[in-house]
Structure formats: C-alpha cells, structure tokens
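The values are calculated or read from the model by the stated rules, or taken from the named source; none is laboratory data. Keep in mind that what you see is a predicted model, and the values were worked out from it rather than measured. With ideal geometry, Cβ positions are generated from the backbone for all residues, glycine too; neighbour counts draw on all protein chains shown.
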C-alpha cells in the first residue's frame, strides 16, 4: 500500500488491526490499521458503506472494535480512559441538527464545560473564545435552531472547540453548505490546524475539497484501506478512484482535457486553482506568440 511522507514525527492516533461487525452481521471494518501524526490533516474517502463513519466512532469510543486496538495520544480507547480520550477527540457530525439541542447558542457551546463544573468566569471566557474562533460571537444569545446550515455547523464546531481538543474529527464537513459557507469553513479549519496545531481527520465525498484541506488522502473500501498517500498520489490512482465512485477534481479534469487536446503539455495534473494558474503560465510562456498546437481541432 503506497504511503506518503510523514509531515510530523509523533503519531497521535494508532489504529492496529481493528475489525468490527454490527449485530446484524454486517462487517464494517476488516483488519484496518492506520497511524495519524500530530498536526496532520487526513481526508478519508470512499463510497457509502466503506466504513468511514464506523471508523470515526472508534476514535472516541462511541463504538469498540471486536478485535484490534485504537490508541489516542498513548491512551487505549476503552474503559477508564474514555473521559480523557473524549476531551482529546472532538467530533463534528454531518448533520448539525443531530448535535444541537440547547435553546441558546451560549448554552449549546457551554454545555460540555458546564457538565465538568468549570468555574463560571472561565466558562464564560472559553465560550466567547470559541465563538470568536468561528466568528459567531454576535449570535451568543440566539437560538441555534433558526440559524442557517453554515451557522449551525460553526456553532457545532464551537461547542467542540470549547473542550480544547487535540483532534477534530468531521464527517462530511461541507455537506449541504453553499459555496461561500464551504469556503469559510475550509479557511477556518485550515487556521485551526495551522494556528492551534489541531489534527484534522475528515470524511468527504467532495474530491475538490480534499486537495485544499488534506496533507494525506486515505481511500477506503469494504472496511479496509486501499490506499494512503498525498492528494497528488491519490488522484493518480485512476482505476481505484473509478472503482470507488470517485472522480478527479474539476480543475484536474479540465487540465486533462486540455492535455489530451494538445493545448497543455503532458504532466502532473493540477489539483487546485493555484497549481492550475502556475501550469497555464508555464504553457503560455513556452508558447510565446505562437499559435497553440492543434488549436484548430480542439473542442471548445
């Protein structure tokens, strides 16, 4: 299995040979092993039923493997370690409505700390800090149920940030968000990783999101890992992507079409706008004042 270069030295998550079957007999995970370094950003991708959500629930003990072991920051995810593990691992679910249940934003974000009997002054300061981090301080007295999808996602994230986790686990973080809200969330998650050192692990079907937010892409099928490597490496695995019902990012598809038509030189496909701009600039510089090759036969 190809594995990309490690960005960091210390593995924060160690998953060793875990398997899990649901009571109906469905095998969701099959001898899966995975290490995630401190500060890494990992996108987990694969078709529905690949085992992504089951894997995520193993990370804070919502589910326990039938075999194998999950260790977070040196703590086996079991028994008396669960309270400590759950402070280290913050979960943000795909549907924010599944996570929000208090009648004000303040109470929602403060809930975990209030249960821990944190002093009121510290609680207030932490709630305001978390809301500032997600740019939602002005909503502190509002009810979360009347907010937009993007606003709810940010409140759910703030409620997790209040616990000061080392790891954020997000299931389809941009699901049901409009492009502007998605871009804001990507920027926020990037800042949390860069500025606070929070490790990001997220599941997504959005192949355009993975190159923007991930250092590493893990491709899953039938409860096991089929590939682990950098986004550039992952999107070279075209046969595997096709089998997993995934495609190339839109910008890569455009560049591939232009390469096939002879309008761009053959080479690595760009995965984001910045890479595409650099490629187009190189192609234009090489072309100079000459007409691009095969322009007459190209399909515009």
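Here is how the numbers come out for the structure above:
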item: Failed criterion for residue 211 (all others in (1) surrounded by fewer than 16 Cβ atoms within 10 Å (Cβ to Cβ); (2) in contact with a helix residue (DSSP H, G or I) (Cβ under 6 Å, 6 or more places away or on another chain) hold); result: (1)
item: Residue within segment 64-81 that is under 24 Å from the mean Cα position of the chain (by Cα) and at pLDDT below 90 present; result: no
item: Residue satisfying condition, being in contact (Cβ under 8 Å) with a residue 40 or more places away in the chain, in the same structural domain as residue 166 (by TED's automatic domain parsing) and touching a helix residue (DSSP H, G or I) at 6+ places or on another chain (Cβ under 7 Å), within set 55, 29, 75; result: 29
item: Looking only at segment 141-162, and only at residues there that are surrounded by fewer than 18 Cβ atoms within 10 Å (Cβ to Cβ) and in a loop (DSSP other than H, G, I, E, B), the one that is modelled with the lowest pLDDT; result: 148
item: Strands (runs of 3 or more DSSP E) within segment 23-74 that include 1 or more residues over 28 Å from residue 247 (Cβ atoms); result: 27-37, 67-72
item: Residue 90 vs. criteria buried (at least 19 other Cβ atoms within 10 Å of the Cβ), touching a strand residue (DSSP E or B) at 6+ places or on another chain (Cβ under 6 Å) and in a strand (DSSP E or B); result: yes
item: Boolean, residue 207 is closer than 22 Å to residue 55 by Cβ, over 14 Å from the mean Cα position of the chain (by Cα) and either touching a residue at least 24 places away in the same chain (Cβ under 8 Å) or assigned by TED's automatic domain parsing to the domain that holds residue 92 (or both); result: no
item: Hits in segment 230-253 - residues which are assigned to a helix (DSSP H, G or I) and within 9 Å of residue 269 (Cα to Cα); result: 232, 251, 252, 253
